[in-house]
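First up is the structure itself, then whatever we jot down about it.
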Amino acid sequence: MSDITSLTLTELVKNIKDKKISSEETTKAFIDRGEKSRDLNAYITEDFSNALLKAKSFDQKPNFDLKLPGVPMAVKDLFCTKDVKTTAGSKILNNFIPPYESTVTQNIWDVGAILLGKLNCDEFAMGSSNETSFFGNVQSPIDKGLVPGGSSGGSASALAANLTPITIGTDTGGSIRQPASFTGTVGLKPTYGSCSRYGIVAFASSLDQAGPMSKDVKDCALLQEIISTYDEKDSTSIDFKRNEYSKELTNNIKGKKIGVPKEYRVDRMPKEIEDLWTKGIEYAKDCGAEIIEISLPHTNYALPTYYIVAPAEASSNLARYDGVKYGFRSKGENLIDMYEKTRSEGFGSEVQRRIMIGTYVLSSGYYDAYYLKAQKVRKLIKNDFEEAYKKVDAILTPSTPSAAFKIGEKTNDPVSMYLNDIFTVPVNLAGLPAISIPAGVDVKGYPLGLQIIGKAFDEQNILNIAYAMEEKIQFRNKITDWWIK
Amino acid sequence: MTIDLKTIKHISKLSRISVDDAKANKLAGDLNSIFDFIEKLNELNTDNVEPLTSVAETTLKSRADEVKSENIRDQILKNSPDENEDFFVVPRVVE
């Protein structure tokens, strides 16, 4: 058997079920690799000793009927984990220990998985490069000095570097799909309402969704069927019939109609992205799909809309961090002074910038011009997709407008950083599911991803298309372990 | 449209985030470039468009209005930055 940490989740589960390896051996292997990989800065909190105890206790009384029997995994530090520090990458939550568990993580522990630790992310998930975290930027395992993407950058880095067999992230504007694309991994942003938001530190509530990040599409389907449940603790959770996605996974996509939106051919799109997309179209055709040119006329307005809606919701959600009941508190001369200093010292600059944008667009005199306008355009963007889905079953686009960039390259220009999400943001605005799969590399050998966007609640269909295309693409991630001394 | 320093100070007050002059200047620059980008929406006529209120067109479920207390007061107080046995403590608000 090859090294435990390089197995896919499906292979790992099979080996544990066949009693070829124990939970303890598996957990030790991931801990060893995690300890050797601290230069990646993927973890904010390691929970290794507890993980080993849990693995030993699993082995004493194993239950192999569970879907993830004694499988260790690390999760993004945006999910509240009972009695384990949860920071959201922020100084303001640096000492926060949740007295409760998020529904999504609870679903994972309920089927036998074991928490390895909490993974780094952009502060409050606001960022596209994992450079806004209070706990420092994350290194991509792909190359030294390269960003892993964001905001689920620690998750992507840990997964690609084999520190965890699978992981979960959250996606508000591309925070699962963009880092997956940058690190040669698979990332699914489910339909809004598919995975419960209960216990996830809120960024923009009408856009946030949790989702799986994995080494291949089959693993992704398996984790999605575990984390997607109806939850009465989240009022926007939707009660629909959920598939056993991994069991119903098929590579037969003959006759599926796949749309290619002409508006995604953006100005100055690098040739390698253009070529990747063309190649993707060929792969889809090889799988028996029919390609249809479609139009999503309001695509260009998605990012400006997002940069009103998301900060507006964030400014409201983050009002709770006032230094009173939990988290960081600064000394102030009076209550107001305490609030203002706490928030000024506790939030990083990107978070402050977004709170200010959000406060402004919601403030008296500006609400109609900005927020209401954005919600109207959001409707037009959603209508675009509804029109398109009268003709096609799914939509194929690149995941990002470029491969991963260097640490520090875009930190001084917020708008150029925001442009990273140009292909992913429309999906969140319309509440649709979309998956990013690795599909090629750029001239430097850095991974590039293709995105498949589905109809609402049609995760099975995009997983099937991704599964069929993955077989044709045969992508292999080249990880050299350069960070291990 | 430009966002001036006075506006920045006003937003910072509404946001309850203190900013000094250096930070206000930096924020004004950043916000102006972001709003230049956002102004693109004005190209669109949206007079007859209904604003989106929810991406999922489902009616919210109702539930029984029951208290589901887990009695975790001590755990909650443990996260408080300045606690005594029973209360959250804040700077004096009444003279």
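Details
- Protection proxy ranking of A:118-127, A:6-15, A:271-280 - average other beta-carbon atoms within 10 Å, highest first: A:118-127, A:6-15, A:271-280
- Of all DSSP beta bridges in the protein assembly as shown, antiparallel share, percent nearest 5: 70 percent
- Taking only the Cα atoms of segment A:232-306, the radius of gyration and Dmax are 17.3, 47 Å.
- Centre separation in Å (Cα based) which lies between segment A:370-437 and segment A:78-136: 25 Å
- Using θ = phi - 60° and Karplus 6.51 cos²θ - 1.76 cosθ + 1.60, couplings along segment A:218-235 (whole Hz; Gly, Pro as x): 4, 4, 4, 4, 5, 5, 4, 5, 7, 7, 8, 9, 6, 9, 5, 7, 10, 5
- Computed with the Debye formula from one identical point scatterer per Cα of segment A:354-394, without solvent, the log10 of I(q)/I(0) at q = 0.16, 0.21, 0.35 Å⁻¹ comes to -0.53, -0.66, -1.03.
- Accessible area per residue in Å² at 1.4 Å probe, computed on chain A: 34 Å²
- Annotated for segment A:67-125: lysine pairs at least 8 residues apart or interchain, Cα distance under 17 Å, count 6.
- Within the same chain, aspartates and glutamates fewer than 8 places from residue B:78 are excluded, and of the rest, those with a Cα less than 18 Å from its Cα are A:83, A:101, A:322, B:70, B:86.
- Distance violations [Cα-Cα > 20 Å] among B:6/B:40; A:257/A:455; A:285/A:382; A:233/B:68: B:6/B:40; A:285/A:382
- The largest accessible area among A:197, B:16, A:476 belongs to the first residue in A:476, B:16, A:197, and the rest follow in falling order (1.4 Å probe, all chains).
- Convex hull projection area averaged over all views, chain B, Cα basis, nm²: 13.4 nm²
- Each chain gives up part of its surface: A and B jointly bury about 5200 Å² of accessible area, both sides summed, for a 1.4 Å probe.
- A simple rule links phi to the HN-Hα coupling: the Karplus curve 6.51 cos²θ - 1.76 cosθ + 1.60 with θ = phi - 60°, which for segment A:444-449 gives 8, x, 7, x, 10, x Hz, with x for Gly and Pro.
- Residue-averaged [θ]222 nm for chain A, counting only DSSP H segments that reach four residues, each worth -39500 (n - 2.57): -10500 deg cm²/dmol
- Quarter of Cα convex hull surface for segment A:284-325, i.e. mean projection, nm²: 6.0 nm²
- For the protein assembly as shown, dividing the convex hull volume of the Cα atoms by the residue count gives 164 Å³ per residue.
- Paired Rg and Dmax values of segment A:341-485, which use every Cα atom, in angstrom: 19.4, 58
- In a reduced charge model with +1 at each Lys and Arg Cβ and -1 at each Asp and Glu Cβ, the protein assembly as shown shows a dipole moment near 560 debye about its Cα centre.
- Per residue, the convex hull spanned by the Cα atoms of segment A:381-460 amounts to 103 cubic angstrom.
- Electrostatic bookkeeping for residue A:236 treats Lys and Arg as +1 and Asp and Glu as -1; over the other residues with beta carbon under 10 Å from its beta carbon, the sum is -2.
- Cα-based radius of gyration for segment A:271-382, normalised by 2.2 N^0.38 Å, reads 1.63.
- Using the Karplus relation 6.51 cos²θ - 1.76 cosθ + 1.60 with θ = phi - 60°, the per-residue 3J(HN,Hα) values for segment B:58-71 come to 10, 7, 5, 7, 9, 9, 5, 8, 10, 7, 10, 7, 9, 6 Hz, with x marking Gly and Pro.
- Close amide H pairs (under 5 Å, H built 1.01 Å from N) link residue A:258 with A:290, A:291, A:292, A:393, residues at least 5 positions away or on another chain.
- Accessible surface of chain A, 1.4 Å probe, proportion on carbon and sulfur as whole %: 48 percent
- Between the alpha-carbon centres of segment B:5-49 and segment A:261-288 there is a gap of 36 Å.
The values are calculated or read from the model by the stated rules, or taken from the named source; none is laboratory data. These numbers were taken from a predicted model, which means no experiment stands behind them. Counting neighbours? That spans all protein chains shown, and the Cβs are built from the backbone with ideal geometry, glycine included. Remember, those area values only see protein heavy atoms, side chains included, never the ligands or the DNA or RNA. Shrake-Rupley method; radii C 1.70, N 1.55, O 1.52, S 1.80 Å.
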